[in-house]
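Beneath this line is the structure, given in structure tokens, with notes to follow.
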Amino acid sequence: MKQITNPILPNYEYIPDPEPHVFDNRIYVYGSHDKFKGISFCLNDYIVYSCPIDDLTSWSSKGISYKKSQDPEYKGGFMNVMFAPDCCKGNDGNYYLYYTLGFSGHIGVAKSKFPDGPFEYYGNVKYKDGTKLGDLNEYLQFDPAIFIDDDKKIYLYSGYGSVQRFGLHGRKNTDKGAMVFVLDDDMLTIKEGPSYICKTIYNAKGTDFEGHEFFEASSMRKINDKYYFIYSSFNNHDLCYAISSYPDRDFVYGGVLVSNCDEGLKDHKTNYYGNNHGSLLCLNNEYYIFYHRQTHKNSFARQMCAEKLTFDGLHFAQAEMTSQGLNGKPLLANRSYHASICCNLYTDKGIFFYKVIRPIAFSHPFITQERNDNEEEETQYIKNLSRHATIGYKYFSFDKRVLMMSVVVKGTFRGEMIIKDDEDGSIIGKIKISPCKNKTTFNGTLSIIKKVSPLFITFNGKGKLSFYEFEFK
């Protein structure tokens, strides 16, 4: 039986900021493209992955869909990267890709006859007099989202909530929050706007947005004649939503869709965490939130994940991070898995936020890979595991009361892997580990208590360990 795990794509792919859309019975996901071992965000050119709507396990890509060098403003250098894009099918039947090149403050647009490209540079969003949006030094354009309503009216969303905090280009702060424009049929020219729809830290006090103020990552969806504005809050690790009866006004805070440390679901964080960006997808009246996680000790190698949501017709309940993701049901406990499909990773030394580069991260466990960037072989694993490190996997379906579990590891660690059926659950097995210079398989027995449960592995011993894969037998 075919299955899919988180992260969704092959584990050598680092595509964050996912915007999922359905075109012609296929799901297409548009995102940034991080570089493994990169020194900044979004260093690679765009690629688009897609799959049939009736087979969420079969993701594929045709390769590069748009190069940053195609934008006339590209001059190379550290800040010339393409941040989170979005795409729509225009009223003329063509596909339009919206993005920002570095912190230029401009929104670029590329065009294609096909949803996965190749795209060609088309122009910049501009005012009627030809002035590029952003050239008036009025507000920083960032993470654009494009949305065409049922009446064919074209809306562009944008905004960045920390210009004052970081002093980018001397621009004014976006103290009015996320913004929306109405575009002409050419997909470039502003007809109306901006209108401001979501509070930021400068004006949210006393409102329902306080505590989950707009930061970045604009996205728009329409569900049951309501408009859902999805965004990353100033907490940075959570994706939130606001609801309105209109696409350009009167939004009220709705709640959290997902946090990449599960904050809000427990009284403590359960994962090393970082910035977040993503959006909603509806398939067969079921809803999924696409988002990303961090790997390799920083925020420059992020990977796409997705979780199923519970929806009551108006509000969404917060989803928890899982290993099963789009699978829609627990994973089968009768095969092997990459250790890196974990949804929880932490130690007793504390959980922290991956800002840019934090030296403290080097003493903690982290997900990494053996090969270099763009080498198409899945070699991801968890490195630097030591005493009191914990790894969580959710969820597995067990058809046996007793079964063998083997692990493939390497390192100086001597001790045992203690396996529980929940974070604070019962011990269901132990696997003894001894030092090994090469990848070595160790075995243990699991005594299953619950037919469906997570697995939490805690390390008790001395030394360091790299964990590659595990298998149920």
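The values are calculated or read from the model by the stated rules, or taken from the named source; none is laboratory data. Keep in mind it's a predicted model, so treat the numbers as computed, not measured. Note that each Cβ is placed from the backbone with ideal geometry, even for glycine, and that neighbours are counted across all protein chains shown.
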- prompt: Of all residues in the stretch 275-295 being part of a loop (DSSP other than H, G, I, E, B) and modelled with pLDDT of 95 or more, which is surrounded by the fewest Cβ atoms within 10 Å (Cβ to Cβ)?
  reply: 275
statement: Scanning the stretch 40-55 residue by residue, those surrounded by fewer than 20 Cβ atoms within 10 Å (Cβ to Cβ) and assigned to a loop (DSSP other than H, G, I, E, B) turn out to be 40, 45, 53, 54, 55
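Limited to the stretch 234-257, what total is found for residues that are among the small types (Gly, Ala, Ser) and within 13 Å of residue 208 (Cα to Cα)? First the steps, then the outcome.
Keep residues of the stretch 234-257 that are among the small types (Gly, Ala, Ser), which gives 242, 244-245, 254-255.
After this cut, where a residue has to be within 13 Å of residue 208 (Cα to Cα) as well, the list is 242, 254-255.
Going through the stretch 234-257 one residue at a time, the tally reaches 3.
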- prompt: Out of the stretch 74-89, which residues are surrounded by fewer than 18 Cβ atoms within 10 Å (Cβ to Cβ) and either modelled with pLDDT of 95 or more or more than 22 Å from the chain's Cα centre (by Cα) (or both)?
  reply: 75, 76, 77, 78, 89
Selection from the stretch 224-250 of residues that are assigned to a loop (DSSP other than H, G, I, E, B) and of a type in the set (S, T, N, Q): 224, 235, 236, 245
- request: Could you list all residues from the stretch 119-134 that are surrounded by 12 or more Cβ atoms within 10 Å (Cβ to Cβ), among the basic types (Lys, Arg) and more than 14 Å from residue 72 (Cα to Cα)?
  value: 126
- prompt: Condition test on residue 189, is it in the same structural domain as residue 140 (by TED's automatic domain parsing), over 26 Å from the mean Cα position of the chain (by Cα), modelled with pLDDT of 80 or more and closer than 17 Å to residue 241 by Cβ?
  reply: no
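How many residues, within the stretch 208-223, are assigned to a loop (DSSP other than H, G, I, E, B), crowded, with 22+ Cβ neighbours inside 10 Å and not acidic (Asp, Glu)?
To start, the set of residues in the stretch 208-223 that are assigned to a loop (DSSP other than H, G, I, E, B) comprises 208-213.
Then drop every residue that is not crowded, with 22+ Cβ neighbours inside 10 Å, which leaves 209, 212-213.
Within this subset, residues satisfying the condition of being not acidic (Asp, Glu) are 209, 212.
Adding up the residues that qualify gives 2.
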- prompt: Among 437, 450, 464, which is the only one that is surrounded by fewer than 14 Cβ atoms within 10 Å (Cβ to Cβ) and assigned by TED's automatic domain parsing to the domain that holds residue 386?
  reply: 437
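Sort through 175, 250, 267, 184 and tell me the only one that's assigned by TED's automatic domain parsing to the domain that holds residue 110, over 25 Å from the mean Cα position of the chain (by Cα), at pLDDT below 95 and surrounded by fewer than 22 Cβ atoms within 10 Å (Cβ to Cβ).
That would be 175, the only listed residue that is assigned by TED's automatic domain parsing to the domain that holds residue 110, over 25 Å from the mean Cα position of the chain (by Cα), at pLDDT below 95 and surrounded by fewer than 22 Cβ atoms within 10 Å (Cβ to Cβ).
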query: Does the stretch 198-207 contain any residue that is surrounded by 14 or more Cβ atoms within 10 Å (Cβ to Cβ) and among the basic types (Lys, Arg)?
result: yes
task: Would you mind telling me which numbered condition in (1) out of contact with any Lys or Arg (no Cβ under 9 Å at 6 or more places or on another chain); (2) within 15 Å of residue 334 (Cα to Cα) residue 455 fails?
output: (1)
Spans of strands (runs of 3 or more DSSP E) in the stretch 310-378 with at least 2 residues of a type in the set (A, V, I, L, M, F, W, C) and not assigned by TED's automatic domain parsing to the domain that holds residue 44: 366-369
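Look through the stretch 457-469, keep the residues that are in a strand (DSSP E or B) and more than 25 Å from the chain's Cα centre (by Cα), and return whichever of them is nearest to residue 385 (Cα to Cα). Spell out how you get there, then give the answer.
Here is the first cut: in the stretch 457-469, the ones in a strand (DSSP E or B) are 457-462, 465-469.
Next cut, more than 25 Å from the chain's Cα centre (by Cα) only: 458-462, 465.
Details: 458: 10, 459: 8, 460: 10, 461: 10, 462: 10, 465: 5 Å.
If we take residues in the stretch 457-469 being in a strand (DSSP E or B) and more than 25 Å from the chain's Cα centre (by Cα), then 465 is nearest to residue 385 (Cα to Cα).
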statement: Pairs returned, first residue in the stretch 409-423 that is free of Cβ contacts under 8 Å to residues at least 12 places away in the same chain, second residue that is of a type in the set (Lys, Arg), beta-carbon separation under 8 angstrom, 6 or more apart or interchain, are none
